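Undergrad: Following this message is one structure expressed as structure tokens.
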Amino acid sequence: MIRVNEKRLSAKYNRRIFLASLPAVSMLVSLLAVVLLFVAGQNDRGRELPQEMYRTIFYVAYAACAYGFVVCLIGSVTEEILLRAHREHTYIHISGSVMVVSQHTRTVFRDGKWIHYKKMWVIKLADVTNVECIRNHLTITAEARYFNEDACWLGYSETDDGISFDRKWYDANGGKTVKSVEVTDFYTYGDRIARHIAHCADKTRERDIRRERFRAEMLEIAKGVKHPNKLKDRYKPKKKRYR
């Protein structure tokens, strides 16, 4: 199973926190520039700053620091919740002849608990025709079943040749059919992952061809075998006579 790159995700959320805290930083820098210019001007004239100016500087600085603290606190808590959700629900899983691509989309707080939603594609590897990584997106050209549901509803277990949903209804129903899959590259090496998927798809097709060839050969052998003992008569129950 290929898991998400948490460092890349963390850097993305840290940039958002920095952008959200820019107003506080701008306020402090602007306030510092005004104070320096005003103090320099007053010192040249031999005057002191008025009390109202000190109060204004204190309130503006206090508001900027409080705003920055609240933004960083809320951003850090939100980042931890989203990282945990991505850690659990964003992955690429190849099981037998089936590939599952899952991507966390959003998290909401409802009924006293956090509820995670995700997109999930179920793809038969034999149907994959092209895989490529362009910039920050991984594109897989193949027919797939697409789901966008509560993550708890899309639980599944591995089988010998694929997956089986915990809610059996989803095995044959639910979702919609799409022709391609495009997900954000939250992984470490997108190009290497694309080559690995293409390699698994080729191996799956080769295995299917060998199976079909072997099955056809076994059928031909079964048709050509002669049964000198006449199996039908041999296994026919003997008739019993009663006087």
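The values are calculated or read from the model by the stated rules, or taken from the named source; none is laboratory data. Keep in mind that what you see is a predicted model, and the values were worked out from it rather than measured. In this analysis, Cβ positions are derived from the backbone assuming ideal geometry, glycine residues included, and neighbour counts consider all displayed protein chains. All accessible areas refer to the heavy atoms of the entire protein, side chains included, with ligands and DNA or RNA removed. Shrake-Rupley method; radii C 1.70, N 1.55, O 1.52, S 1.80 Å.
Undergrad: Specify the residue with the greatest mean-square fluctuation among 148, 173, 130, computed from a Gaussian network of the chain linking alpha-carbon atoms under 10 Å apart.
TA: Residue with maximal mean-square fluctuation among 148, 173, 130: 173.
Undergrad: Further question on the same structure: Using a cut-off of 13 Å between beta-carbons, work out the net charge of the residues near residue 149 (Lys and Arg +1, Asp and Glu -1, residue 149 not included). Walk me through the intermediate numbers first.
TA: Values: positive: 106, 118, 119, 145, 167, 176; negative: 150, 166.
Residues close to residue 149 contribute a combined charge of +4.
Undergrad: Hey, what's the chain come to in accessible area per residue, 1.4 Å probe, Å²?
TA: Numbers: 17270 Å² over 243 residues.
Result: 71 Å² per residue.
Undergrad: Taking the chain as a Gaussian network, where each spring joins two C-alpha atoms under 10 Å apart, which residue of 111, 166, 127 fluctuates the most?
TA: 111
Undergrad: Once amide H atoms are built 1.01 Å from N in the peptide plane, which residues 5 or more positions from residue 185, or in another chain, come under 5 Å H to H?
TA: Hits under the 5 Å cutoff: 137, 138.
Undergrad: Which residues in segment 81-108 have a backbone N closer than 15 Å to a point placed 7 Å from the Cα of residue 8 along the Cα-to-Cβ line?
TA: 86-87, 90-93, 102-104
Undergrad: Still on this structure, please answer the following. As a test of reading the structure, rank 1, 99, 27 by solvent-accessible area (1.4 Å probe, protein chains only), most first.
TA: On the way: 1 115, 99 0, 27 80 Å².
My answer, sorted largest first, is 1, 27, 99.
Undergrad: If the elastic network links every pair of Cα atoms under 10 Å, which of 64, 85, 216 fluctuates the most in the Gaussian network model of the chain?
TA: Ranking 64, 85, 216 by mean-square fluctuation puts 216 first.
Undergrad: At q = 0.13 Å⁻¹, what is the log10 ratio I(q)/I(0) for the chain, with the Debye formula run over Cα points and no solvent?
TA: -0.92
Undergrad: Ok, one more. Ignoring ligands, DNA and RNA, please state the percent of accessible area on the chain from carbon and sulfur, probe 1.4 Å. Before the final figure, lay out the partial values.
TA: Working: 9590 of 17270 Å².
Whole-percent figure for carbon plus sulfur exposure: 55.
Undergrad: Could you order peptides 51-60, 16-25 by the average number of other Cβ atoms within 10 Å of their residues, highest first?
TA: Values: 51-60: 12.0, 16-25: 14.3.
Highest mean packing first, the order is 16-25, 51-60.
Undergrad: OK, next. Quick one: what are the phi-derived ³J(HN,Hα) couplings along segment 18-35, Karplus 6.51/-1.76/1.60 with θ = phi - 60°, whole Hz, x for glycine and proline?
TA: With coefficients 6.51, -1.76 and 1.60, one gets 4, 5, 5, 8, 4, x, 5, 5, 5, 4, 5, 5, 5, 5, 5, 5, 5, 5 Hz.
Undergrad: Please give the calculated 222 nm ellipticity per residue for the chain, where each DSSP H segment of at least 4 residues contributes -39500 (n - 2.57) and the sum is spread over every residue; nearest 500 deg cm²/dmol?
TA: Working: 5 runs with 122 residues, N = 243.
Dividing the helical sum by the residues of the chain leaves -17500 deg cm²/dmol.
Undergrad: Still on this structure, please answer the following. Sort 189-200, 66-77 by packing, meaning the average of other beta carbons within 10 Å per residue, with the highest value first. Walk me through the numbers before you get to the answer.
TA: On the way: 189-200: 15.7, 66-77: 13.9.
Going by the mean number of other Cβ atoms within 10 Å, highest first, we get 189-200, 66-77.
Undergrad: Calculate the spin-label point distance for residue 148 paired with residue 93, positioning each point 7 Å from the Cα along the beta-carbon direction, and give it in nanometres.
TA: The modelled label-to-label distance comes out at 2.2 nm.
Undergrad: Which whole-angstrom value gives the distance between the alpha carbon centres of segment 72-91 and segment 139-177?
TA: Each part's Cα centre sits 24 Å from the other's.
Undergrad: From the phi angles alone, apply the Karplus equation (6.51, -1.76, 1.60; θ = phi - 60°) to segment 116-124 and give each ³J(HN,Hα) in whole Hz, x where the residue is Gly or Pro.
TA: Using θ = phi - 60°, the values come out as 9, 10, 8, 9, 9, 10, 10, 10, 7 Hz.
Undergrad: Any idea how far apart residue 160 and residue 110 come out in nm if each label point goes 7 Å out from Cα toward Cβ?
TA: Here the answer is 4.0 nm between the modelled labels.
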